[in-house]
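Chemist: I'd like to ask some things about the structure below.
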Amino acid sequence: MRRLGGKEVADEIMADLKIRVDALKAKGTEPKLAILRVGQREDDLAYERGVLKRFGTIDVAVEVTELDAGVSQEELDKTFDSINNDPKVHGILVFRPLPKGLSDEHMRRTIDPGKDVDFMDIRNMEDCLAGVRDCSAPCTAEAVMELIKHYQIETKGKKVTVVGRSLVIGKPVALLLTTANATVTVCHTKTVNTEEECKRADIIVACCGVAKIINENYVREGQIVIDVGMNVDEEGKLCGDVDYDKVSEIAEAVTPVPGGVGSITTAILLKHVVVNAERQA
């Protein structure tokens, strides 16, 4: 079994970004990301820690605003507007899904497209669907494609099963894979016999947000399994949507969690912030 680690991929991206950040700072521009987090979900906190560590390696500023899980919709929208209108911010990351009772509609409809680093803006979504070259895909979806590119995984004519259909990862990664000439099947909670759909695939992308749901019953020999999940298991440890120990005994190649797609995702997030800063410089 081949372990598809994300560090090598991220290191390549970061080497380029270091040069670009230094050039921006020489011109007086300090790239900055603003994070808006509501509550303290463990997966959000884990991702936040990864972002802070990644950005810190090349000294890019991150400002975290934390709101209580019981915050009102009015206060949430007001806080977001303040961040959105800050001229020193080049990217905004809002952890979603929000707690029950809160909506992200106002944020999705009003976010400055020049600060949208993770596909919140409806206009960015339309551009991506239309195949506009310079549109920003969601960070995790782009990270999956960077991993595929780095490890020279062939997608042309290959069957890919995407398990999950969220706007953040499932649907956009299916779109990007289709653009890369793969034949894509998207599975979700209403899919009949997801196990068989996965076994038919050459590549599986697991992104449904259920810890270790993809086990030995979903895979066969010769497959490549890309785990996008970030969950916490019953022992309180970070894990993916794939049962790594069981699947790695069967599949040809698997991404680990942690140390896989997530490592690349934070580098892509940083890249989006840098691109926005370059456009505004």
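Chemist: Assess whether residue 233 counts as being charged (D, E, K, R), assigned by TED's automatic domain parsing to the domain that holds residue 160, farther than 15 Å from residue 4 by Cβ and in contact with a strand residue (DSSP E or B) (Cβ under 8 Å, 6 or more places away or on another chain).
Modeler: In short, yes.
Chemist: Let me ask something additional. Give me the residue from region 231-260 that is in a strand (DSSP E or B) and β-branched (Val, Ile, Thr) and, out of that set, surrounded by the fewest Cβ atoms within 10 Å (Cβ to Cβ).
Modeler: Step by step, filter region 231-260, then rank; the result is 232.
Chemist: May I ask you to list the residues in region 212-226 that are touching a helix residue (DSSP H, G or I) at 6+ places or on another chain (Cβ under 7 Å), without any contact (Cβ under 8 Å) to a residue 40 or more places away in the chain and within 17 Å of residue 144 (Cα to Cα)?
Modeler: 225 - this is the single residue of region 212-226 that is touching a helix residue (DSSP H, G or I) at 6+ places or on another chain (Cβ under 7 Å), without any contact (Cβ under 8 Å) to a residue 40 or more places away in the chain and within 17 Å of residue 144 (Cα to Cα).
Chemist: Identify, please: which residue in region 237-249 is out of contact with any Gly (no Cβ under 8 Å at 6 or more places or on another chain) and touching a residue at least 60 places away in the same chain (Cβ under 8 Å) and is, among those, nearest to residue 119 (Cα to Cα)? Break it down into steps so the answer makes sense when it comes.
Modeler: Keep residues of region 237-249 that are out of contact with any Gly (no Cβ under 8 Å at 6 or more places or on another chain), which gives 237-238, 243-249.
Now restrict to residues that are touching a residue at least 60 places away in the same chain (Cβ under 8 Å): 238, 248-249.
Numbers: 238: 25, 248: 32, 249: 35 Å.
Out of the qualifying residues, it is 238.
Chemist: Condition test on residue 86, is it assigned by TED's automatic domain parsing to the domain that holds residue 272 and under 15 Å from residue 269 (Cβ atoms)?
Modeler: no
Chemist: What pairs come up if the first residue lies in region 257-281 and is farther than 25 Å from residue 88 by Cα, the second is surrounded by fewer than 24 Cβ atoms within 10 Å (Cβ to Cβ) and among the aromatic types (Phe, Trp, Tyr), and their beta carbons are under 8 Å apart, counting only those six or more places apart or on different chains?
Modeler: 257/244; 262/47
Chemist: Return the residues of region 151-184 that are more than 28 Å from residue 121 (Cβ to Cβ), surrounded by fewer than 23 Cβ atoms within 10 Å (Cβ to Cβ) and either under 14 Å from the mean Cα position of the chain (by Cα) or in contact (Cβ under 8 Å) with a residue 24 or more places away in the chain (or both); say none if nothing qualifies.
Modeler: Of everything in region 151-184, those that are more than 28 Å from residue 121 (Cβ to Cβ), surrounded by fewer than 23 Cβ atoms within 10 Å (Cβ to Cβ) and either under 14 Å from the mean Cα position of the chain (by Cα) or in contact (Cβ under 8 Å) with a residue 24 or more places away in the chain (or both) turn out to be 151, 153, 156, 157, 158, 159, 183.
Chemist: Return the total of residues in region 1-43 being within 21 Å of residue 62 (Cβ to Cβ), hydrophobic (A, V, I, L, M, F, W, C) and crowded, with 16+ Cβ neighbours inside 10 Å.
Modeler: Total meeting the criteria: 11.
Chemist: I would also like to ask the following. Which of (1) modelled with pLDDT under 90; (2) surrounded by 23 or more Cβ atoms within 10 Å (Cβ to Cβ); (3) out of contact with any strand residue (DSSP E or B) (no Cβ under 7 Å at 6 or more places or on another chain) does residue 118 not meet, given it meets every other one?
Modeler: (3)
The values are calculated or read from the model by the stated rules, or taken from the named source; none is laboratory data. Quick caveat: nothing in here was measured; it's all calculated off a predicted structure. Note that each Cβ is placed from the backbone with ideal geometry, even for glycine, and that neighbours are counted across all protein chains shown.
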